[in-house]
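Let me begin by presenting the structure, written as structure tokens, before commenting on it.
The values are calculated or read from the model by the stated rules, or taken from the named source; none is laboratory data. Quantities reported herein were computed from a predicted structural model and do not represent experimental measurements. All Cβ positions, even for glycine, are placed from backbone atoms using ideal geometry, and neighbour counts span all protein chains on display.
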Amino acid sequence: MQKITRDQLVSKASELLSNGTVCCVLGWGMGEFDYDVTPTVFNTVEELNNGFVFNDFCGANFSKYLVSKAAKCDGKILVLLKPCDTYSFNQLLTEHRFDREKVYVVGIPCEGMADVSKVKAICGEGILAISSNGDNINVTTLYDENPIVINAADVLAERCVNCKSKKHVAYDELLGDEGEVIESNRFDEVARLEAMSADERFAFWQNELSRCIRCNACRDACPACTCEKCVFDNPNSGVENKSPANSFEEKLFHIIRAYHVAGRCTDCGECSRVCPQNIPLHLLNRKFIKDINEFYGDYQAGEEVGMRAPLVNYTTEDLEPGEVFDRGADNA
Amino acid sequence: MHNNKYLRDEIIRISGADVSKCMRCGKCSATCPAYDEMEYHPHQFVNMVECGDIEPLLNSESLYKCLSCFACIDRCPRGVQPAKVVEAVRLTAIRKQGANHITADDIPAVVDADTPQQLLVSAFRKYTK
Amino acid sequence: MQVNEYKPLIVAFCCNWCSYAGADLAGNNRLAYPADVKIIRVPCSCRVNPMFILRAFQRGADGVIICGCHPGDCHYTSGNYYTRRRMAALFSMLDYLGIEKERTRVEWVSAAEGAKFAATMNDFAKTVASLGENKRLEDLRCKK
Amino acid sequence: MKVSYFPGCTLKNKAKDLDMYAYKSAEVLGVTLEEIENWQCCGGVFTTANDEVATKLSSIRALKYAGDKEQPLVTVCSACHNVIKQTNHAMQTNSAFADKVNRYMAADGSYKGETEVYHYLEMLRDLVGFDVIKEKVVNTLKGKKIAAYYGCLLLRPNKVMRMDDPENPTIMEDLIKSLGADAVVYAKRNECCGGYISLESPDAAKKNSIAIIENAKVNGAQMIITACPLCKYNLEKCGADIPVVYFTELLAEALGVKEDTNA
Amino acid sequence: MQRVGVFVCWCGSNIAGTVDVEAVSEALKSEPGVVFSTNYQYMCSQAGQDMIKDAVKEHNLTGIVVCSCSPRMHEATFRKTAAAAGLNPYMVEIANIREQCSWVHKDVLTGTEKAIILGKAAVAKVNLNTPLIPGESPVTKRALVIGGGIAGIQTALDIADAGFEVDIVEKKPTIGGKMAQLDKTFPTLDCAACILTPKMVDVAQNEKIRIFSYSEVTEVQGFVGNFDVTIKKNARYVKEEICTGCGACVEKCPMKKIPNEFNLGMDNRSAIYIPFAQAVPKVATIDPNACNMLKNGKCGVCSKVCAAGAIDYTQKDEYINEKYGAIVVATGFNPISMDKFDEFAYNQSKDVITSLEFERLTNAAGPSAGKLVRPSDGKHPHTIVFVQCVGSRCESCAEKGKEYCSKICCMYTAKHAMLTRDKYPDTEVYVFYIDVRTPGKNFDEFYRRAVEEYGVKYVKGMVGKVTPEGDKLKVQASDLIANKQLHIDADLVVLAAAIEPDKSARPLATMLTASMDTNDFFTEAHPKLRPVESPTAGVFLSGACQGPKDIPETVSQAGAAASKVIGLLAKDKLTGNPCVANSNELMCNGCSSCANVCPYGAISYEDKEFRMPDRTTKVRRVAVVNPAVCQGCGACTVACPSGAMDLKGFANSQIMAEVDAICK
């Protein structure tokens, strides 16, 4: 259950719209289902009142939308950012992707969002309605007359279970209290994989990646994947490929994508959230983050604006590529 | 010649010294405190081992004159480590059956009341197998 | 022995200023290394895009080696320092995916190190040959 | 501070002073020397041959003993120090040798040269500090002109020993100064006294030793200090007309613990 | 589609011995784009080049692949050939089938197979080549010479003589360098000051030359033809333009016990000083570490006695920005420290000295007014031992000394020995040598004269130990010819210390992005064919900063460097390397990743308006590469996630095509 309510958000947004601080609002709108919340631009108070949604499924990270939306507004655009979203916001600012002056950020607290696939795992398909009820979630399905009551904590998204920060690193205005950076266990799963034998790791990833349908949802949701033109869409890049085929781009899409965002990825977890095949893509990004922390010192992308990303930086004392394997070699 | 090559390689292996690095400056012999006691001097050890001319060294008293003071090792500009070469040749000599340079029977005649244990221990380690 | 029959395909990216010259020197001194090694000249090791490496693997390369100037000696001052970070990250990732780590390597070979170039290539070719054909990257997505 | 202590054969016999004053002085300086149990003679000289293993095992046992207690290993005899430090260096740098040794000592587990080896002088300089010693001096040796004699084993081979500049060392001079005396610097202080050659060719050793003493005397020395029983023996045997004493004795004297032991 | 011609070279039997050239040219015929393929004995010969030119005309070739030796050898040759045939020179690719194929493989089958694959890769690349046109940049027609020793002086004079302006930056208060400290010069024995000081005066009087003495270079920006240099003029607390160099201040200064660095500390100078009588510029300098006025405001004598009113205690370091087209490095050398060689007792006796100290001791303007005396007691030495190769020719991993031969020591030691015997025939002179190296005009004759006419005792061997005892230096050495250990009671021992590059060279090399070897000598662009140029364009090398050198060699190299500078400055425009990065602004995100990794600062950003598909316009930040600054390393291309940044001549698509061709 979120500490902040839809009504509070609508009233804050309406106030900023009405007093002319902003000319539009980037917020969550109703999709086809209750759990299918869609990023939406609201231009009037009326639109807000009718269409604005806020519930346990508002996971979408709006930072990325600013790249295209901010420039289009005449005035400022209001964006509602959860703590993890603000890191992406800063990272995009570091990369000069939008004009800070065109954006009004309201930081909102977040108690963690639900993962609909976990809900479905408990309740099955055919969900008609979902509503929050204290620490529980009530789910109405086609097949049950009575709503199924599940504990919200049981369906918390992985990225929220391992939340790295409740701190807003960027905002103009904050609703609720300032949070803290959290000691999370987010690298445990990566470490578990690292401890496996190469054969086991290979089998793990083969199993996971074999499900990929190349829908590009991960790329489209990723705040670091905001290239004007993606190499995989560019006929001149030499690696263009848009549809699944038995070729290079297809199989190594995920490696290259992870490499391209390495050092820039804030670990917001959008890639895994949007994957229709439930591939744990965040484990690729987190591997790069973990390596970077271990090789070159702790680095959190987006912590501040203007930081130099580790892969466009160096020291003369860096470790050699051959040395990356020697660490923890004993656990094989 | 064949035998010499074998001995040469063996001595180089035991000593771990690279005799080919020697540039014939003679600083080892210039620095050697036992020079006057020796028939073959440190630079000759290096040179003769390099040439495989080892028999004369094996039979020379010079083997037992080196003090292992390592001055030649420290002062050699080429890192040749002549003392290690001398030691390797000496070991090659005394490792042969019955080739110990001294025996316990020799000792009473040469010790006095002050002779430190260290002297005997060192001499035995150097001269015997 | 089957392993001995097998001829690996090795792509070597060499920076123009040091390692390519080192390879030339190996040639000048007639220092042999397996013909399995094919060299691609790049201005600097930092020109090597991870995409090139993956492309080589995809097209059937069994090993990829990147050679550049020694750290501190880059013709472009700092290019190889970036190479070092990029390849450290990439190699670690490939290892994480279960790809044999021995198939990738970075070596610093100066223009004067013809012997090192030949020795490196001999050693790398031997290592790669012992692994056999590179299947894993191709198989990564296809569950057999 | 507690350290493991390797006395060596001569210190329990002909060089009792070196040992006794080492204990006494350490006590004053707040260092407890814990003698290694069942220590065995180091062999007197380090065999440089790559294929010699057995002759180095006693050193390794001592090193391992100290390592197990997580203590530095301190020696006071130059020869023991040289042998043990060179052996330890071989364990660190020569993996083939280390493998052999560890197989040899299977029951004792593996050792890779982790123990830190200090000469008593290094302990005074690096663990205690000459400034601390200076404060604890009760009988200042002011006005005495003392020459330090290093010999060969303390300093060489420098790549391994790493104690001081092998050609112009200062560690003993600094000690002498901290005790209030004047240090006599002379070039032959790092030349060999003749070592074990005195067994076979006493004359040769005598020649070396005389040259050393002469060089010290010309430069004004009234006394020579040393860390090695064999050096002391050779220097005295050649007919030295100035006293040759162990540096620990001098230290004990300055620290005011020499009388105690005599009493 | 290109029309590619393939030309396989036999290189006599160098290639044809291991590679079936016929099979290679035949196999490559069927590659895409190839319309002509042949082979010939020597492609680089005139006949071979003509063959290429003819084929271009006959077959309307648009691209050329030459399968031959390394591109590092003949790429330039074949590019010229292409240009002569009317093609863009960058439409040529070389397949290296000699150094990287025929010379390293023994089996013809293997060699041929590999040569074909290398050829295919080159064809695949050339199919994607585009004509490249080098950019042009203007040339600032002024030169900077860093270092004012004989190398810098000669270079500056020669450049100025050609009519270009030159600035000399010298970190000491005067120009002159090491040569000003020398007494006589080998092998002619003319006095160093007599031949150097007139040149120093020439420099001072030359209208084209400015001297920044007591100054150093702190920053270098830009590139060949367009360097932007910051020079720091250290405060000397004396107004240079007013000071007449009369020396009244020096005489009256109460602080007189400052070790005189010009005499290597063998005598003293005052806190305000002029290094030597013929200093240029001849102005005083206050040593801020010694001057009481500067340290605690008490004194001011020099200011009172200065009739010209040149003293200025408030002077501050001054930073000057200047533009240059070319930079000459002439930072010179120093003898190495003798601290680690105390077996020779340098730190234990005043009478063990280095050769440079000996030079000052015998110099009429030196601390002993040219009288050869022992520094300890001023007595005349009767036995002198010279030790050669102290710190030279040491093992590479030795902890002391240098691996190289310092080159000048054999000759100056022969000179010292000879002059000593000449002036003081009662002196016994020993020279301990490992080898006597005298490869120079009249050099060996000179050394032999020292032995035969002057009776210098040359001993083949080394000194092992020097023991100061009483007023003697007991020298223990070996005589390898006599197979004896020698014991000599000497009065003076002179060490021929190895020389090393000046410590300022390493940071300077970083500023210039010029490469150095492991000994900190500057690397030349080519050891034989371009010995006075650094691989970094526009940076030239003069004197001992490139390697040990004697005076005649230094002067010839200085002149050679000057001629290279003149050749550069004579041009109005420079054509650059066209293989530079360029950003496709349509794809550029403006994220700055490329600029972060660019070692040359060649990338800037600008806001640009773009028409969007929906007919609106959008302003975006995009990267722009300055082709004159870009050196073409390609670091940016990999940093760029969108692939907007690419490198001409080594494009992503080209390298990928090579990969594909090799892996097919």
Do the conditions hold for C:Cys69, that is, is it more than 7 Å from every other protein chain (Cβ to nearest Cβ), under 19 Å from E:Cys636 (Cα atoms), modelled with pLDDT under 95 and in contact with a strand residue (DSSP E or B) (Cβ under 9 Å, 6 or more places away or on another chain)? yes
Filter the range E:510-538 down to the residues that are among the small types (Gly, Ala, Ser) and in contact (Cβ under 8 Å) with a residue 60 or more places away in the chain and list them by number. E:Ala514, E:Ser534, E:Ala537, E:Gly538
Options B:Ser62, B:Ser29, B:Ser20; residue that is polar (S, T, N, Q), outside any loop (DSSP other than H, G, I, E, B), at the interface with chain E (Cβ under 10 Å from one of its Cβ atoms) and within 30 Å of E:Phe341 (Cβ to Cβ): B:Ser29
What residue, of E:Ser653, E:Ser604, is surrounded by fewer than 20 Cβ atoms within 10 Å (Cβ to Cβ) and free of Cβ contacts under 8 Å to residues at least 40 places away in the same chain? E:Ser604
Within the range B:70-90, work out how many residues are among the β-branched types (Val, Ile, Thr) and either touching a strand residue (DSSP E or B) at 6+ places or on another chain (Cβ under 6 Å) or within 7 Å of chain D (Cβ to nearest Cβ) (or both). 1
For the range E:73-116, which residues satisfy the criterion of being part of a helix (DSSP H, G or I) and polar (S, T, N, Q)? E:Thr77, E:Thr81, E:Gln100, E:Ser102, E:Thr110, E:Thr112
Is there any pair linking a residue in the range B:50-75 that is touching a residue at least 24 places away in the same chain (Cβ under 8 Å) to one that is of a type in the set (D, E, K, R) and part of a helix (DSSP H, G or I), with Cβ under 6 Å and at least six apart or on different chains, and which? B:Gly52/B:Lys5; B:Gly52/B:Arg8; B:Leu63/B:Arg90; B:Lys65/B:Glu37; B:Arg75/B:Lys27; B:Arg75/E:Glu343
Where the second residue is part of a helix (DSSP H, G or I) and the first is of a type in the set (Gly, Ala, Ser) and lies in the range B:101-129, which pairs have Cβ atoms under 6 Å and are six or more apart or on separate chains? B:Ala123/D:Leu199
Does the range E:137-155 include one or more residues that are at pLDDT below 95, of a type in the set (S, T, N, Q) and over 20 Å from the mean Cα position of the chain (by Cα)? yes
Of D:Lys134, D:Lys64, D:Lys69, D:Lys100, the only residue that is surrounded by fewer than 18 Cβ atoms within 10 Å (Cβ to Cβ) and either of a type in the set (Val, Ile, Thr) or in contact with a helix residue (DSSP H, G or I) (Cβ under 7 Å, 6 or more places away or on another chain) (or both) is D:Lys134
Filter the range A:63-83 for residues that are within 14 Å of chain E (Cβ to nearest Cβ) and surrounded by fewer than 19 Cβ atoms within 10 Å (Cβ to Cβ); the one that is nearest to the chain's Cα centre (by Cα) is A:Val67
Taking only pairs six or more apart or across chains, which ones have beta-carbon atoms under 7 Å, a first residue in the range D:189-207 that is more than 7 Å from chain B (Cβ to nearest Cβ) and more than 17 Å from D:Ala240 (Cβ to Cβ), and a second residue that is of a type in the set (Ser, Thr, Tyr) and surrounded by 24 or more Cβ atoms within 10 Å (Cβ to Cβ)? D:Asn190/D:Tyr150
Selection from the range C:24-40 of residues at pLDDT 95 or above, facing another protein chain (nearest Cβ under 7 Å) and within 26 Å of E:Gly632 (Cα to Cα) yields C:Lys38, C:Ile39, C:Ile40
Within the range A:145-239, considering only helices (runs of 4 or more DSSP H) that don't extend past its boundaries, which have at least 1 residues that are among the β-branched types (Val, Ile, Thr)? A:158-161, A:188-195
Return the only residue of C:Val11, C:Val109 being more than 7 Å from every other protein chain (Cβ to nearest Cβ), closer than 24 Å to E:Leu118 by Cβ and in contact (Cβ under 8 Å) with a residue 40 or more places away in the chain. C:Val109
Restrict the check to the range C:60-71 and report whether at least one residue is within 21 Å of A:Ala309 (Cα to Cα) and not basic (Lys, Arg). yes
D:Ser59 small (Gly, Ala, Ser), within 14 Å of another protein chain (Cβ to nearest Cβ) and at negative phi: yes
Residues that are modelled with pLDDT under 95 and under 25 Å from E:Lys340 (Cβ atoms), at least 3 per element: which strands (runs of 3 or more DSSP E) completely within the range D:152-263 meet that? none
Check on E:Tyr404, at pLDDT 95 or above and outside any helix (DSSP H, G or I): yes
Looking at this structure, is D:Asp51 in contact with a helix residue (DSSP H, G or I) (Cβ under 7 Å, 6 or more places away or on another chain), in the same structural domain as D:Phe6 (by TED's automatic domain parsing), acidic (Asp, Glu) and touching a residue at least 24 places away in the same chain (Cβ under 8 Å)? no
In the range E:614-664, which residue that is part of a loop (DSSP other than H, G, I, E, B), at pLDDT 90 or above and facing chain C (nearest Cβ under 7 Å) is farthest from C:Gln58 (Cα to Cα)? E:Gly632
Going residue by residue through the range E:246-261, is there one that turns out to be assigned to a helix (DSSP H, G or I), within 29 Å of the chain's Cα centre (by Cα) and outside the structural domain of E:Leu568 (by TED's automatic domain parsing)? yes
Considering only residues that are charged (D, E, K, R) and more than 7 Å from every other protein chain (Cβ to nearest Cβ), which ones fall in the range B:37-59? B:Glu39, B:Glu50, B:Asp53, B:Glu55
State all residues of the range E:11-47 that are in contact with a Phe, Trp or Tyr (Cβ under 7 Å, 6 or more places away or on another chain) and within 20 Å of E:Thr62 (Cβ to Cβ); if no residue qualifies, say none. E:Thr38, E:Met43
Here the residues within the range A:273-311 that are more than 10 Å from every other protein chain (Cβ to nearest Cβ), part of a helix (DSSP H, G or I) and surrounded by fewer than 21 Cβ atoms within 10 Å (Cβ to Cβ) are A:Val274, A:Asn293
When residues of the range C:112-144 are limited to those that are of a type in the set (Gly, Ala, Ser) and surrounded by 16 or more Cβ atoms within 10 Å (Cβ to Cβ), the one nearest to the other protein chains (Cβ to nearest Cβ): C:Ala118
Within the range A:36-62, which residues are more than 22 Å from the chain's Cα centre (by Cα) and either acidic (Asp, Glu) or in a loop (DSSP other than H, G, I, E, B) (or both)? A:Asn43, A:Thr44, A:Glu46, A:Glu47
Residue count for the range D:89-138, restricted to those that are of a type outside the set (A, V, I, L, M), over 16 Å from the mean Cα position of the chain (by Cα) and assigned to a helix (DSSP H, G or I): 16
